[in-house]
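Since the structure comes first, as structure tokens, the remarks are kept for the end.
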Amino acid sequence: MSDATTEEEERERGQERERTEQAMLHVSNLEKRFGGIVAVDGVSFEVERETITGLIGPNGAGKSTAFNLITGVYAPDAGSVYFRGENVTELRPHQLVDRGLVRTFQISRELAGMTVLENVLLAFDEQRGESLWRPVVPGARRAVVRQERELIDRAWEILELFELDHLAHEDAANLSGGQRKLLELCRALLTEPTLLLLDEPMAGVNPTLEKKLLARLHELREQGYTFLIVEHDMDIIMNNCETVIVMHQGQVLARGPPEAIQEDERVIDAYLGGEL
């Protein structure tokens, strides 16, 4: 092996380390097979801190599988996931949530038979009232009551932020599709994430709620949150994301600012059918 080749490899490794350390999320050569089907084939990309990044592609492109690999739902056959510089490839979903990597799902799920407020309160971790003995021991019970009041106050604050406070005592099963999306985002935010992966957050949301939700996302990004969004509505992606990642047949086809993606002939031919 020549010195030139060795230097080039060392430089590439150094660049890889730098990307890993600087990015909020760094995905490196992820692969996942289901039998003979290759769902994700050597996918690599970064999500920069305090940005809204879009992940697009046709049905079957591997977007949902990539989400599941990043969030620990699936174990990859190869490749690595780095979150804030830490290799988190082998961590389970609850461990990733503890570190600040949280996702929502395409189909929002609420606990029917419980109010909107009760659904939100479930998001809080390490509640003292979940103990078998604390609620009944006099000294410990005071701490339980004090924490419950604090958590209820925080729950009301986020319900007001997303304009769901007037529905706080409504059965969560009675919410509209758009309101359920807002409820799911409320719960996700109460886990105190730094990176939120949102799977089609605008699906089923009416235009009025869509505008409000997008406004909230931009406000949160300005507060230091980072977002990776799967969305089929190209107007939403192109008008709200700093960076767009395009997947096709399990691979990353293109990555760049919306303006470049719109003009990329590979994207137009493979995904957009000649028009964006």
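Key figures for this structure:
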| quantity | calculated |
| --- | --- |
| Selection from the stretch 241-267 of residues that are β-branched (V, I, T) and assigned to a helix (DSSP H, G or I) | I261, V267 |
| Candidate set: the stretch 181-197, residues that are touching a strand residue (DSSP E or B) at 6+ places or on another chain (Cβ under 6 Å) and modelled with pLDDT under 95; chosen: the one nearest to T104 (Cα to Cα) | A188 |
| Residue among H218, H232 that is under 13 Å from L55 (Cβ atoms), out of contact with any Leu (no Cβ under 7 Å at 6 or more places or on another chain), touching a residue at least 40 places away in the same chain (Cβ under 8 Å) and outside any strand (DSSP E or B) | H232 |
| Helices (runs of 4 or more DSSP H) enclosed by the stretch 19-128 - at least 2 residues per element that are closer than 22 Å to P201 by Cα and touching a residue at least 40 places away in the same chain (Cβ under 8 Å) | 63-70, 116-121 |
| The stretch 244-258, residues that are over 18 Å from M202 (Cβ atoms), out of contact with any Leu (no Cβ under 6 Å at 6 or more places or on another chain) and in contact (Cβ under 8 Å) with a residue 24 or more places away in the chain | M247, H248, Q249, G250, Q251, V252, L253, R255 |
| Checking T194 against (1) crowded, with 19+ Cβ neighbours inside 10 Å; (2) of a type in the set (V, I, T); (3) touching a residue at least 40 places away in the same chain (Cβ under 8 Å), the condition it does not meet | (1) |
| Sole residue being touching a strand residue (DSSP E or B) at 6+ places or on another chain (Cβ under 7 Å) and at pLDDT below 90, chosen from Q127, Q106 | Q106 |
| The one condition in (1) closer than 22 Å to I158 by Cβ; (2) part of a loop (DSSP other than H, G, I, E, B) that L213 fails to fulfil | (2) |
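Yes or no, residue by residue, for (1) over 23 Å from F105 (Cβ atoms); (2) of a type in the set (A, V, I, L, M):
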{"residue": "T208", "(1), (2)": "no, no"}
{"residue": "G224", "(1), (2)": "yes, no"}
{"residue": "Q251", "(1), (2)": "yes, no"}
{"residue": "V267", "(1), (2)": "yes, yes"}
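The values are calculated or read from the model by the stated rules, or taken from the named source; none is laboratory data. Computed from a predicted model, the values in this text were never measured in an experiment. No Cβ is skipped: glycine too gets one built from the backbone with ideal geometry, and neighbour counts run over all protein chains shown.
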